[in-house]
1. Being hydrophobic (A, V, I, L, M, F, W, C), more than 10 Å from chain B (Cβ to nearest Cβ) and surrounded by 14 or more Cβ atoms within 10 Å (Cβ to Cβ) is the filter here; which residues of segment A:11-22 pass it?
2. Taking A:Ile127 and the conditions (1) buried (at least 18 other Cβ atoms within 10 Å of the Cβ); (2) of a type in the set (A, V, I, L, M, F, W, C); (3) more than 12 Å from the chain's Cα centre (by Cα); (4) more than 10 Å from chain B (Cβ to nearest Cβ), which numbered condition does it fall short on, given that it satisfies the others?
3. Would you point out the residue of segment A:23-50, among those that are more than 23 Å from A:Ile128 (Cα to Cα) and more than 9 Å from chain B (Cβ to nearest Cβ), that is surrounded by the most Cβ atoms within 10 Å (Cβ to Cβ)?
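Only the coordinates and a few stated rules stand behind these numbers; no lab work does. Since the model is a prediction, treat every value here as computed from it, not as a measurement. Note that each Cβ is placed from the backbone with ideal geometry, even for glycine, and that neighbours are counted across all protein chains shown.
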Amino acid sequence: MNTTQTNKDLILIARFKEGDTSAFRQLVESYKDVSFTLACSIIKDENTAEDILQDAFIKVYQNLHKFQNKSSFATWLYKIVVNTCFDVTKKQGRNIPTEEVQQEINTEYSYAETSSDELLQSERQAIIQSTLSSMKTDEALVLRLHYLSELSIQEIIEITGYSASKIKVTLHRGRKNLHDNLKVSLGQEIKSLI
Amino acid sequence: MNEDQTKHIVKESLLKTSDSFTDALMQKIEQQPVEVKVSTQPLIFLCVLALFFIFSLAYLIGEGVPELKILDLQFKIPALLLQIMGSFFILYIFSQILNIYKNILQFKQLKIS
């Protein structure tokens, strides 16, 4: 994790503990997008993921005075987000089957056939997001925790409860599947992406 | 696909929350009822122990007992040691009560702000 960000978090947490709720708002602003992306790795529907993320942030608000800096705030927050999402999927079975999402993506983004000269930035992002949504929950989650949140294997263990070997295997498989899925969606256009 | 390429691609998968996300969240938080959970069981236990020590200390000081003999055994506790332990124990109980009071005030302050 970034040391500057960690120090900034600690200052904000100290301010929150002294009763300044605007500090909590700043923490939310700093982490909401990454947290939302992680939530979407588990809850495949964005609207539902946003609602669940709000519940997770409420838990963070209620328990922030207990935060003792044993791990970084980011690790602690992502653990709450991931656990809240998994609790919901367990209770309500909101996980959309991977095959369904894959079908949607194949129909929405068949760029291999359109063969446009250059992919627009927004299109690139949409394709990547959809490809990751189509992947298995654990693969998308571990890939995003490692590459998007820039967390170490040890921190991912703390958040997910997976073993180190499982994380390494999932990362390897995730990278391969990401590449294969992008190849299916983009065909030759994948070269412009990498 | 190597590590850097994967990192580059995954970074592009960042999703954004709706514009009203933070405002809606803060509004939800304001509407949350404040729950102050104070477990009374340990407090009652500590108070009973404190009373025991206070009575023991009062007895030892009042009688001028130099050593406390338990059940006529060879086991003797110097009264001074018991007095010191008792004093620390009472101080600990007061600090615990103060902590609970501080937490309640903190919750109330958070709710107001």
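1. So the first thing to find is which residues in segment A:11-22 are hydrophobic (A, V, I, L, M, F, W, C), and the list is A:11-14, A:16.
In the following step, the residues that additionally are more than 10 Å from chain B (Cβ to nearest Cβ) were identified as A:11-14.
The answer is A:Leu12, A:Ile13.
2. Looking at each condition in turn, A:Ile127 falls short on (4).
3. First, pick out the residues of segment A:23-50 that are more than 23 Å from A:Ile128 (Cα to Cα): A:23-29.
Applying the additional criterion that residues be more than 9 Å from chain B (Cβ to nearest Cβ) yields A:23, A:26-27.
Details: A:Ala23: 19, A:Gln26: 17, A:Leu27: 21.
Applying the filter and picking the extreme gives A:Leu27.
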